[in-house]
């Protein structure tokens, strides 16, 4: 941009106006455009292989085989960013994620999906990638305004009782009452009666999470488990229980899932 | 050269802005409005397919009517969505909520209109687990979650604001056969045909409009209609199965 500005100045008579305009423009859009530009270069070197040049998930490696427990092979597709739906958020069902949510995924990668970690990158570089990803769907511009409180991020504040035997016992009741086993199975192995017909929003079969595999794709922390059923995992069939459970019961459920994951 | 440059820059700035700008709807007083009415028919009788049920048969049974083709004796088609699509001004949308019920292992209604700014009331009338997932249909089979809510217990109801406009499909992930369709509209000018395939859309400001006619099985067509003050524009359509 700087280079072309000087070229114009020397070449075009009366280009002062253009120069001013450009300058004003660069002041308005430059800080953000710069990071998204930077993000683009990084995207092309690190992400394009899977997510594709258009961000539609059709890179050279558009189908990743993923073997799960029951001898079944499930296909896994890199996220199609043009759809504008994201799985691991701290925002309620159907909402856009926060930049911080995306940054976390980009930094850590996604376990059991072949999506690599980018922990070697600086914060600015990761932010550049996040800004660039956001250019693939018009949703980021369309929904910039007030969402009337619908998309206010959830509060995640782990109480001290998580993991206590009483909390595990209460959580077991919540698990039953909320019928998590319909999809995740009695032992949480992902083999519930509804599991084999589950499909994601692009129509591909999807596994309900196997708790005995210990780590959720969105991360291993109790906070991340809490978020999974509070916000739901958009596009997968995993619904939000924000309206079905109070906060205490959701944390009791965390305790029970820790037990299912053999972490207690 | 200068002009060209400026022009290119303007285009570069404004085109994306235009593409991304969300369609606005302005509420005005409609005094000399006209209406659109008509009948949607099928070219020949069609049998409504039977849906096989493979989960929770104790409660849901082994099969149910799919309700895709509900035709009257004169071939009028029920559950066709008729919506004035490109309307930017008109009456305020009614303040009615859309009740979406998980009932006897199917959604009721199958096709409904919701109004942006009002609410979805999502219910489970069954003694089994349901979840209700609404998603904008983006074309090419792509879908973007609007809400996906668990309704694990009988008589549970969840209210959510209607925020995102457009055609949405409704699924219950636990029961793959369950589906419904919701058109979330900013204007009041969207309706669903009755048992006889009839519909009427009233109080439309005079002008030329594009009207979308959509049916789950027959597909979609857009027709141009001119609405004149105090008159009813006739809009009939006959679908044939390809």
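The values are calculated or read from the model by the stated rules, or taken from the named source; none is laboratory data. Owing to the predicted nature of the structure, the values given are computational and were not obtained by experimental measurement. Here the Cβ is made from the backbone with ideal geometry for all residues, glycine too, and neighbour counts use every protein chain on show.
Overview of results
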item: Residue in segment B:131-139 that is farther than 26 Å from residue B:203 by Cβ and over 16 Å from the mean Cα position of the chain (by Cα) present; result: yes
item: Tally, over segment B:125-145, of residues that are under 15 Å from residue B:106 (Cα atoms), at the interface with chain A (Cβ under 10 Å from one of its Cβ atoms) and in contact with a strand residue (DSSP E or B) (Cβ under 6 Å, 6 or more places away or on another chain); result: 5
item: Options B:233, B:150, B:157, B:174; residue that is more than 11 Å from every other protein chain (Cβ to nearest Cβ) and either touching a residue at least 40 places away in the same chain (Cβ under 8 Å) or touching a strand residue (DSSP E or B) at 6+ places or on another chain (Cβ under 7 Å) (or both); result: B:233
item: Output for segment A:228-240, where each listed residue is closer than 22 Å to residue A:173 by Cβ and surrounded by fewer than 24 Cβ atoms within 10 Å (Cβ to Cβ); result: A:228, A:229, A:230
item: Selected residue [assigned to a loop (DSSP other than H, G, I, E, B) and under 13 Å from residue A:171 (Cα atoms)] from A:258, A:253, A:245; result: A:245
item: Within segment A:64-183, helices (runs of 4 or more DSSP H) holding 1 or more residues that are buried (at least 16 other Cβ atoms within 10 Å of the Cβ) and away from chain B (no Cβ under 14 Å); result: A:99-108, A:123-133, A:165-177
item: Check on residue A:213, free of Cβ contacts under 8 Å to residues at least 12 places away in the same chain and either outside the structural domain of residue A:248 (by TED's automatic domain parsing) or out of contact with any helix residue (DSSP H, G or I) (no Cβ under 9 Å at 6 or more places or on another chain) (or both); result: no
item: Residue count, segment A:204-235 (criterion: modelled with pLDDT of 95 or more and within 13 Å of chain B (Cβ to nearest Cβ)); result: 8
